[in-house]
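What follows is a set of notes on a single structure, which appears directly below.
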Amino acid sequence: MRWLRPRGRRLAALATVALALPLPTAVSQAATAPPTPSPAPYALVPQPVSQEAVEGSGFTLSPDTPIAVMSKAPKAVGVGTYLSRVLAPATGYSLPVVHRTRVQKNALVLDPNGPEDLGSEGYTLTSAKHGVVVTAHGAEGLFRGVQTLRQLLPAEVESLSTQSRTWTVSPAKISDSPRYEYRGVMLDVARRFFPVSQVKRYIDQAAAYKINTLHLHLTDDQGWRIAVDAIPELTTIGASTQSGHTGGTDWYYSAKDYKEIVSYAESRFMTVVPEIDGPGHTRAAQASVPGLNCDDKAQQPYSGFDVKISLFCLADEQHRANMADFMETVIKAVAELTPGPYIHLGGDETPQATAEQYAAYVKAATDSTIAHKKIPMGWHQLGRSTVPAGSIMQYWGEEDDRKSIGTSKETETIRVVRNGAAQGAEFVMSPSDHAYLDMKYDVSTPYGLSWSGYVPVQRSYEWDPETATAKLDGTGAVVPAGQIAGVEAALWADRAYEGSNALPTPSTRWPAPYEYAEYMSFPRLPALAEVGWTPRAARDWKDFRQRLAQHGPRWTAAGIGYHAAPGVPWPGVVKAVEGAHSLVTGSKALDNPGGSTSDGTGLVMWAPNRGNNQTFTFAKQSDGSYTITNKASGKCVEAGDAAGAAIVQRTCTGEAGQRWKVTELDDGDHTITSARSGLLLTAAASADGAKVTQQEDTGSALQHWTID
Ligand code: TNX
């Protein structure tokens, strides 16, 4: 039964992409494909499908430039009003929104009457001296095009206060549409409550990168965040805690608050997906509703930091009926408030539930969801049981799961994903080692966790939905390309405090939720937005990081507290070679394995973490070369004579084998050449544990190092 949702267009679009792309793995693509050059002077994120260089000076705004909307439809006019408001603070202009029936010169023209084959989100944009025209098939595509238009203006246009300067839209000819229909971001408002104003702020930030879905993780052990009239205890009791906090009285969204979020999101063409998590992550519900517990006694609310601590009582018929009644009551209330097509039913992390108990939850929750005319969505564990046709599963596995594919020891994750895929479910891809925004960037990140490894910006960018459930060589995908609905970045918030490697103390600093969200999301959310929007063949890390860097000044102007993460050449940040650095190529970092202190230990490549064993200090020598000393061992990086020989560490002597010449390349990367052999420092592969040798200069990407 395939129902409820029109899906023809997306699947057709997917088929085109699949035909066009032979699907290399992320890494081999980076190593072999020529970078797609961005036609300066602008730097668009996500990268559009096609853009042509246009000669000339671009279109300069004046205080009375009209925003000419070629429709009277309220949604299209709304995009015009939105554009006028977005431009007002920095320019000081209040551009008039006018109705026109024909394209007008010297205007910002928004035309929603474009051809149907643009799809609901596609658009074309032309900008030249005599004006700008954005054409789409409907208001949504205009809105996406307007985000591109903003990025064609100088960075200061994002400023919240008036800047006196000229405002010229760079000349451009762009044609664009998304690769995936679902491009989401999740906020965990259960562990850390985000007030309505902060959710709106985040909606605006995400919309600027063409994110079209906001998934709200509304319930968990640490809190219940949505008022349900029929069960007031869910908010009087269930909303009184957060991770690390007790005593709250308003840490939830009333129906009015929730509607305000939904309509704000709608005005940014963003769909809200509410998540009611079960049958685990349910302590807040079980603290509010006695009948959800086997002893029929309400539990204490929970403000701790653990996961896998709760499960609805599913031991007998009576309690299963209680659970089903509860889910029906909640889903009915949430469905009434939610115009979007999906309700997310959680389903994650319930090892305590037997297969039968788990299936009872999935059946009850999906039955209610379908009865209220919504599409069931859930974490990939839903594949433990039967899922209704048309359901969406959210994949959050990682590299270790991929490694197990096709072996005799496939992980539980791969097994349930396989089972869900075989039932025809569609998938939203949120691989935790790429798309989890609560993973630390590296060892120095103050917030978040690292159970799925560190996620530096490059890692959030260099992966592909079609190989996210494939073997590391890109073959054997468990989820077929045609069953991929899109991509979602997930910002969990169970460790949203400084010093998150340990539990918080009374003196721990808790940033405001927006501060945590911006630090962890920028720049990684834009990277994930591009994964969801841009065709695989037009994505290239080296090109992306140059474009991304140009967005730093935009975020500064907008007051976004982003993390100027390593690996991106942020403007104004001049990096001297002298000093301590990490050395990255092919998305892996030069690594002294285990922080060895022995002479002769061979260096390897490993996932970046910025630990001491991946930190190297460059010290300039009188001949202009550098010694390179590992911080964990104090030993020097040393080369011998022969090509192909391993690079080792050894007690520093200053001999030629321990001196290296550093040459900057046009793209900001470096070659590192032994003063002894004249050969280049070379990674053997982009894989954990790969050897490091010296080789002739072959131009290989694995000889080009980012020195951070
Ligand atoms: C796992 S992945 C969770 C969340 C935690 C997160 C922290 C998944 C569906 N559940 O409960 O917040 O890890 O990274």
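We did not get these values from a lab; they are worked out from the coordinates using the rules stated. Quantities reported herein were computed from a predicted structural model and do not represent experimental measurements. FYI the Cβ positions are ideal-geometry reconstructions off the backbone, even for glycines, and counts take in every protein chain you see.
Overall, the ratio between the Cα radius of gyration of region 182-542 and 2.2 N^0.38 Å, rounded to two decimals, is 0.93.
Taken over the C-alpha atoms, region 40-90 has Rg and Dmax values of 14.2, 36 angstrom. Once backbone amide H atoms are built at 1.01 Å from N, Ile375 has Tyr342, Ile343 as its partners under 5 Å, excluding neighbours fewer than 5 places away on the same chain. When both bridge partners sit in the chain, DSSP labels roughly 55% of those beta bridges antiparallel.
For region 439-561, evaluate the Debye formula with one uniform point scatterer on each Cα (no solvent term) and list log10 I(q)/I(0) at q = 0.11, 0.16 Å⁻¹, rounded to two decimals. Log10 of I(q)/I(0), two decimals: -0.46, -0.89.
Calculate log10 I(q)/I(0) of region 325-391 for q = 0.22 Å⁻¹, where I(q) comes from the Debye formula with a single equal point scatterer on each Cα and nothing for solvent. With one equal scatterer per Cα and no solvent, log10 I(q)/I(0) is -0.89.
In whole angstrom, region 595-708 maps to an equivalent ellipsoid with semi-axes of 18, 17, 14, each derived as √(5λ) from the alpha carbon gyration tensor and ordered largest first. The residues neighbouring Glu412, those whose beta-carbon lies less than 13 Å from its own, together hold a net charge of -2 under the Lys/Arg +1, Asp/Glu -1 convention.
Pairs with C-alpha atoms separated by more than 27 Å, drawn from the list Lys200/Lys542; Lys661/Lys691; Lys297/Lys440; Lys403/Lys588, are Lys200/Lys542; Lys297/Lys440. Alpha-carbon geometry of region 156-245: the Rg and the Dmax are 19.3, 57 Å, given in that order. Taking θ as phi - 60° and the Karplus parameters 6.51, -1.76 and 1.60, the scalar couplings of region 152-159 work out to 8, 8, x, 3, 4, 5, 7, 5 Hz in sequence order, x denoting glycine and proline. Taking all C-alpha pairs of region 606-660, those more than 18 Å from each other amount to 34 percent.
Taking every C-alpha pair closer than 8 Å and separated by at least 6 residues, the mean separation divided by the residue count of the chain gives a relative contact order of 11 percent. Taking Lys308 as the anchor, which aspartates and glutamates have their alpha carbon closer than 15 Å to its alpha carbon, excluding any fewer than eight residues away along the same chain? List returned: Asp220, Asp221, Asp277, Asp348, Glu349, Asp494.
When the helices of the chain are scored as -39500 (n - 2.57) per DSSP H run of n ≥ 4 and the total is divided over every residue, the value at 222 nm lands at -7500 deg cm²/dmol. In region 297-434, the alpha-carbon atoms span a convex hull of 138 Å³ per residue.
Cross-link pairs exceeding 19 Å between alpha carbons, from the set Lys256/Lys373; Lys105/Lys129; Lys75/Lys210: Lys256/Lys373. What the Cα atoms of region 534-673 give is an Rg and a Dmax of 17.1, 53 Å.
The C-alpha atoms of region 70-173 occupy a region whose extents along the principal axes are 40, 26, 23 Å, arranged from largest to smallest.
Binning the C-alpha pair distances of the chain at 10 Å intervals from 0 yields a P(r) profile of 3, 14, 23, 24, 19, 11, 4, 1, 0 %, listed from the shortest bin outward.
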